[in-house]
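Q: Let me begin by handing over the structure; questions about it come next.
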Amino acid sequence: GIISMRDREGRSFVATTLANYLSKLGNRTALLIPESTDKLPELTPEIDKHTFNEDVDLLIAQSNKDLLPNADEYDYVVTEYPALNTHQTPYRVLKDITASILVVRASRSWSIADKTELKSVRKIMKSDPLVFLNGVKLNFLDELVGEVPRKRNKIRSFIRKMLYLEFK
């Protein structure tokens with residue numbers, strides 16, 4: 001399941017990209033999204049797209065199976081859930097998620113409500129969500145994960161090697 005704390009974090013982008021990738025690997029894949037999703041990146045033709053009403057279907061669902069009754073026909077069902085801090089998503093639905101990705105926009109700070117909601121959600125899920133940090137500028141990514149491979153100016157590369165004592 002693809003989750004986020006707020007709207008406009010990039011859930012649709014992540015869900016579509018993941019569904020496309022799984023489909024290209026030869027898996028029968030379904031994409032399950034809220035009806036209110038306005039912009040959706042292009043899907044490969046093999047993906048079955050389904051929608052649910054987040055104000056009705058989601059609230060009466062007892063489990064994820066209620067949102068897509070024929071889910072057993074697929075190898076993977078990628079589900080995008082509405083933002084957790086702005087929509088009611090029953091915990092009984094979230095507890096069924098096999099694997100989750102928490103989409104977080106890099107350009108915003110977290111509020112106490114975000115932290116509290118994440119703590120509550122983590123308690124009921126089968127495993128901690130993977131975090132997808134969306135919108136990170138490449139120069140800041142270096143600080144998080146180390147140098148990002150890309151074509152560099154020879155002078156910059158030489159100076160970096162000198163500073164970090166990386167002689168070969």
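Q: Assigned to a strand (DSSP E or B), closer than 15 Å to Gly10 by Cβ and among the hydrophobic types (A, V, I, L, M, F, W, C), is that true of Leu102?
A: Considered against the rule, which asks whether it is assigned to a strand (DSSP E or B), closer than 15 Å to Gly10 by Cβ and among the hydrophobic types (A, V, I, L, M, F, W, C), Leu102 comes out as yes.
Q: When you check Lys119 against the structure, is it at pLDDT below 90 and of a type outside the set (Val, Ile, Thr), yes or no?
A: No; evaluated as a whole, the condition is false for this residue.
Q: What number goes with the only condition from (1) in contact with a helix residue (DSSP H, G or I) (Cβ under 8 Å, 6 or more places away or on another chain); (2) modelled with pLDDT of 90 or more; (3) farther than 20 Å from Ser12 by Cα; (4) assigned to a loop (DSSP other than H, G, I, E, B) that Pro69 does not pass?
A: Among (1) in contact with a helix residue (DSSP H, G or I) (Cβ under 8 Å, 6 or more places away or on another chain); (2) modelled with pLDDT of 90 or more; (3) farther than 20 Å from Ser12 by Cα; (4) assigned to a loop (DSSP other than H, G, I, E, B), the lone unmet condition for Pro69 is (1).
Q: Restricting region 17-57 to residues that are in contact (Cβ under 8 Å) with a residue 40 or more places away in the chain and among the hydroxyl-bearing types (Ser, Thr, Tyr), which is most open to solvent (accessible area, probe 1.4 Å)?
A: Looking at residues that are in contact (Cβ under 8 Å) with a residue 40 or more places away in the chain and among the hydroxyl-bearing types (Ser, Thr, Tyr), I get Ser36.
Q: Using beta carbons and a limit of 9 Å, which pairs, at least six apart or on different chains, have the first residue in region 58-75 and in contact (Cβ under 8 Å) with a residue 12 or more places away in the chain and the second one outside any helix (DSSP H, G or I) and among the small types (Gly, Ala, Ser)?
A: So the pair list comes out as Asn64/Gly1; Leu67/Ala61; Leu68/Ala30; Ala71/Ala30; Glu73/Ala30; Tyr74/Ala30; Asp75/Gly26.
Q: Considering only region 12-32, I want to know if a residue exists there that is in a loop (DSSP other than H, G, I, E, B) and either modelled with pLDDT under 90 or within 16 Å of Val131 (Cα to Cα) (or both).
A: no
Q: Now, a different point. Please tell me if Lys39 is outside any strand (DSSP E or B), charged (D, E, K, R) and more than 14 Å from the chain's Cα centre (by Cα).
A: In short, yes.
Q: Okay, next question. Looking only at region 43-66, which residues are out of contact with any Ser or Thr (no Cβ under 8 Å at 6 or more places or on another chain) and part of a loop (DSSP other than H, G, I, E, B)?
A: Pro45, Asn53, Asp55, Val56, Ala61, Gln62, Ser63
Q: Within region 105-115, can one find any residue that is touching a residue at least 60 places away in the same chain (Cβ under 8 Å) and under 16 Å from Gly1 (Cβ atoms)?
A: no
The values are calculated or read from the model by the stated rules, or taken from the named source; none is laboratory data. These numbers come from a predicted model, not from an experiment. With ideal geometry, Cβ positions are generated from the backbone for all residues, glycine too; neighbour counts draw on all protein chains shown. We work out accessible area using only protein heavy atoms, side chains counted, and drop any ligands, DNA or RNA first. Shrake-Rupley method; radii C 1.70, N 1.55, O 1.52, S 1.80 Å.
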